[in-house]
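Please see the structure below; I have some questions.
The values are calculated or read from the model by the stated rules, or taken from the named source; none is laboratory data. Treat the numbers as computed from the prediction; the structure is a model and nothing was measured. For neighbour counting, all protein chains shown are included, and Cβ atoms are generated from backbone atoms with ideal geometry for every residue, glycine included.
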Amino acid sequence: MNRQYFGTDGLRGRAGQFPLDPPTVYALGRAAGRILGGKDARALVAADTRESCGWIASHLVAGLRETGVECLYAGVMPTPAVARLCAEERFTFGAMISASHNPYEDNGIKFFSGDGFKLPDDTEHHIETALDGLLPYLGSSVPSVELGPPSADFSGRYLSWLESLWEGADLSGFKVVLDCANGAAHEAAPALFGRLGAKVSAFAIEPDGRNINAGCGSLHTDVLARRVRDEGAHFGFAFDGDADRCLAVTSAGRVLDGDVILYRDAQRRVKRGTLWGRWVVGTVMSNLWLEQALQAERLRFFRAPVGDRYVLQCMVDRGAILGGEPSGHVLFLDQATTGDGLLTALAYASLARDAGSMDAIAEGITPYPQVLSNIRVGRRVPLQEQPLIQQALDEETSGLEGRGRIVLRYSGTEPLLRLMVEAQSAEVVNGVVERLGKVLRETLGDG
């Protein structure tokens with residue numbers, strides 16, 4: 001289904017510009033209230049730390065309340081906390097204001113159903129239809145509301161739930177470094193690991209509205225790797241702006257992505273008899289080593305399109321409970337309804353504690369060299385309709401002779417074409433990226 005405003009992870013764009021300008025945000029609140037609300041409807045609304053979150057929340061809640069929805073504002077809180085609390089505290093639906101790993105200038109709105117799952121495509125389509133019906137009648141001045149402080153300790157309830165999932169001995173004797181991306185985890189992550197007994201060193205915990213993801217977080221793990229080594233920590237974790245992603249770092253500074261936790265957690269679940277159907281769901285971006293390693297364990301592996309909503313759908317279709325993306329967005333469906341960076345960190349920490357170190361988790365894992373190149377595009381056109389691109393792609397694919405992979409896809413949240421190349425040697429990978437990237441930039445590049 002072709003959606004006009006919603007992408008792979010909610011509605012997202014440049015804050016202040018359509019469709020994230022005040023009139024449209026207010027209209028979206030009214031549209032969502034009509035579609036998701038009803039008699040005695042209650043909605044939980046939260047945000048990350050971007051400077052635009054305040055006015056976006058104010059206009060969104062104004063629109064929701066106009067349809068009769070009672071809104072409770074939770075303030076700054078991780079995205080997965082909204083999902084969890086919707087289900088636990090019987091909210092009709094939830095809304096999170098965040099642009100995840102994007103820079104502060106961007107923002108977005110994603111909705112969760114009352115059972116804690118992201119909305120299906122057809123529901124988002126109904127909201128879009130309602131929104132289109134409202135937009136022609138809006139002026140430049142629209143209502144807003146004064147939100148005030150959070151009405152309850154929602155973050156505390158979320159942390160108590162996470163702590164309840166921890167198994168066995170605490171983390172006494174372990175030092176952990178946390179990169180909180182100046183985002184939604186800046187208080188929650190240090191508090192959680194402190195509760196578990198770890199010695200915590202946290203940074204990127206002073207959000208100013210503009211420094212979210214700026215040289216920190218899961219897209220900049222070199223900073224965390226250096227601090228883990230310099231501080232002699234046992235391991236570290238990097239979150240993104242809304243804390244639904246997590247990457248781990250070993251004491252030696254090696255970065256472990258979502259593929260690693262999928263593999264090690266699958267092994268643990270097999271021993272416990274809790275890997276339903278022996279399925280693991282990754283994406284087209286999952287490294288080939290993961291697929292081969294799971295096959296060697298006689299486990300079933302499926303590649304979904306990029307995007308946690310597609311990973312989730314493939315998991316549901318196959319009855320799987322474990323799936324995720326190399327970015328660190330991992331789903332444990334027997335514990336949570338959406339990707340949760342803090343829950344992923346707990347899984348990593350538990351494995352490291354049982355194995356003796358995070359470095360032990362990484363032993364024996366040798367990913368294929370892989371490069372992801374982002375090409376800014378001026379237009380999105382079907383790639384199969386571009387003869388020059390198809391010719392170059394066929395030539396490069398043939399040259400790999402089945403010993404590598406090329407993935408081309410448009411970003412669901414930014415004007416980017418993502419080129420991923422994977423092969424047995426870095427030299428081969430870099431050559432393909434250079435040659436194919438040149439064709440892509442000349443054909444579709446923005447300037």
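Go over the candidates Ala83, Ala184 one by one and state the one that is crowded, with 24+ Cβ neighbours inside 10 Å, in a loop (DSSP other than H, G, I, E, B), in contact with a strand residue (DSSP E or B) (Cβ under 7 Å, 6 or more places away or on another chain) and at pLDDT 95 or above.
Ala184
Okay, next question. Which of the residues that make up segment 299-337 are in contact with a Leu (Cβ under 7 Å, 6 or more places away or on another chain) and either in the same structural domain as Cys246 (by TED's automatic domain parsing) or assigned to a loop (DSSP other than H, G, I, E, B) (or both)?
Ile321, Gly328, Gln335, Ala336 - these are the residues of segment 299-337 that are in contact with a Leu (Cβ under 7 Å, 6 or more places away or on another chain) and either in the same structural domain as Cys246 (by TED's automatic domain parsing) or assigned to a loop (DSSP other than H, G, I, E, B) (or both).
Give me the pairs: first residue in segment 199-221 and touching a residue at least 24 places away in the same chain (Cβ under 8 Å) and within 19 Å of Arg254 (Cα to Cα), second residue surrounded by fewer than 24 Cβ atoms within 10 Å (Cβ to Cβ) and of a type in the set (Val, Ile, Thr), beta-carbon distance under 9 Å, and six or more apart or on different chains, which are they?
Within 9 Å, the pairs are Phe203/Val223; Cys216/Val223; Gly217/Val223; Thr221/Val255.
Suppose we filter segment 144-172 for residues that are more than 20 Å from Pro78 (Cβ to Cβ) and loosely packed, with under 15 Cβ neighbours inside 10 Å; how many remain?
7
Six or more apart or on different chains, Cβ under 8 Å: which pairs go from a residue in segment 122-136 that's within 15 Å of Gly63 (Cα to Cα) and in contact (Cβ under 8 Å) with a residue 40 or more places away in the chain to one that's aromatic (Phe, Trp, Tyr) and surrounded by 17 or more Cβ atoms within 10 Å (Cβ to Cβ)? Could you list them?
Ile127/Phe6; Ile127/Phe111; Glu128/Tyr5; Glu128/Phe6; Leu131/Tyr5
Among the numbered criteria (1) more than 30 Å from Gly7 (Cβ to Cβ); (2) free of Cβ contacts under 8 Å to residues at least 40 places away in the same chain; (3) surrounded by 12 or more Cβ atoms within 10 Å (Cβ to Cβ), which single criterion is violated by Leu383?
Evaluating Leu383 over (1) more than 30 Å from Gly7 (Cβ to Cβ); (2) free of Cβ contacts under 8 Å to residues at least 40 places away in the same chain; (3) surrounded by 12 or more Cβ atoms within 10 Å (Cβ to Cβ) leaves (1) as the failure.
Here's a follow-up. Check segment 64-72 and report whether any residue there is modelled with pLDDT of 95 or more, part of a helix (DSSP H, G or I) and surrounded by fewer than 24 Cβ atoms within 10 Å (Cβ to Cβ).
Yes, some residue in segment 64-72 is modelled with pLDDT of 95 or more, part of a helix (DSSP H, G or I) and surrounded by fewer than 24 Cβ atoms within 10 Å (Cβ to Cβ).
Residue under question is Gly232, and the condition is that it be under 19 Å from Ser100 (Cβ atoms), of a type outside the set (Phe, Trp, Tyr) and not assigned by TED's automatic domain parsing to the domain that holds Thr337; does it hold?
In short, no.
Please find, among Glu163, Glu167, Glu146, the residue that is modelled with pLDDT under 95, closer than 23 Å to Ala347 by Cα, out of contact with any strand residue (DSSP E or B) (no Cβ under 8 Å at 6 or more places or on another chain) and not in a strand (DSSP E or B).
Result: Glu167 is the single residue among Glu163, Glu167, Glu146 that is modelled with pLDDT under 95, closer than 23 Å to Ala347 by Cα, out of contact with any strand residue (DSSP E or B) (no Cβ under 8 Å at 6 or more places or on another chain) and not in a strand (DSSP E or B).
Taking segment 189-238, which residues are aromatic (Phe, Trp, Tyr) and either more than 19 Å from Asp170 (Cα to Cα) or part of a helix (DSSP H, G or I) (or both)?
Within segment 189-238, Phe193, Phe203 qualify.
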